[in-house]
Amino acid sequence: MTSDLYDVVSSYYRNIDGGDLGTALSCFSSDAVYRRPGYSALVGRASIEEYYASTRIIQRGSHRISSIVCDMDEVAVRGYFEGVSRDDRPLSVGFADFWRFAGRMVIERNTYFDVAAV
């Protein structure tokens with residue numbers, strides 16, 4: 001199962017970077033919860049899709065993954081993102097994502113960034 005989850009997460013980043021939003025987000029269950037700094041929890045795939053379509057500040061970019069660790073129904077990812085915001089500002093940030101699954105569907109995702117917040 002862990003290799004399946006590795007594939008799901010790897011495909012997510014590849015598809016999101018390639019601009020294929022529909023395929024990228026198809027791994028989220030209908031009641032998935034996504035938490036990321038600065039936003040209220042996104043509850044349900046429809047809410048997650050709306051965030052990506054209209055709220056996410058990223059216009060385009062790419063994730064460079066440095067590690068993916070899978071254990072049972074959870075996956076941890078560490079990497080670096082570089083891209084351009086919707087208002088054409090350069091973006092670069094280290095990140096960590098923690099994914100939880102039911103089968104091959106994402107039920108929870110938590111994202112963290114390596115910028116000062118406190």
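Every number in this text was worked out from the coordinates using simple rules, so none of it is lab data. If you're wondering where the values come from, they're calculated on a predicted model, not measured in any experiment. Every residue, glycine among them, receives a Cβ derived from its backbone with ideal geometry; neighbour counts consider all protein chains shown.
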Exercise. Give ILE65, ILE16 a once-over and let me know the one that is outside any strand (DSSP E or B) and under 25 Å from ASP88 (Cα atoms).
Key: ILE16
Quiz item: Considering only residues of the stretch 34-49 that are free of Cβ contacts under 8 Å to residues at least 60 places away in the same chain and outside any loop (DSSP other than H, G, I, E, B), which is surrounded by the fewest Cβ atoms within 10 Å (Cβ to Cβ)?
Solution: ALA46
Quiz item: Which of the residues that make up the stretch 19-32 are more than 19 Å from GLY79 (Cβ to Cβ), among the small types (Gly, Ala, Ser) and not in a helix (DSSP H, G or I)?
Solution: SER26, SER29, SER30, ALA32
Practice problem: Give the residue, chosen from ASP88, ASP4, that is in contact (Cβ under 8 Å) with a residue 60 or more places away in the chain, acidic (Asp, Glu) and either outside any helix (DSSP H, G or I) or loosely packed, with under 14 Cβ neighbours inside 10 Å (or both). | Solution: ASP4
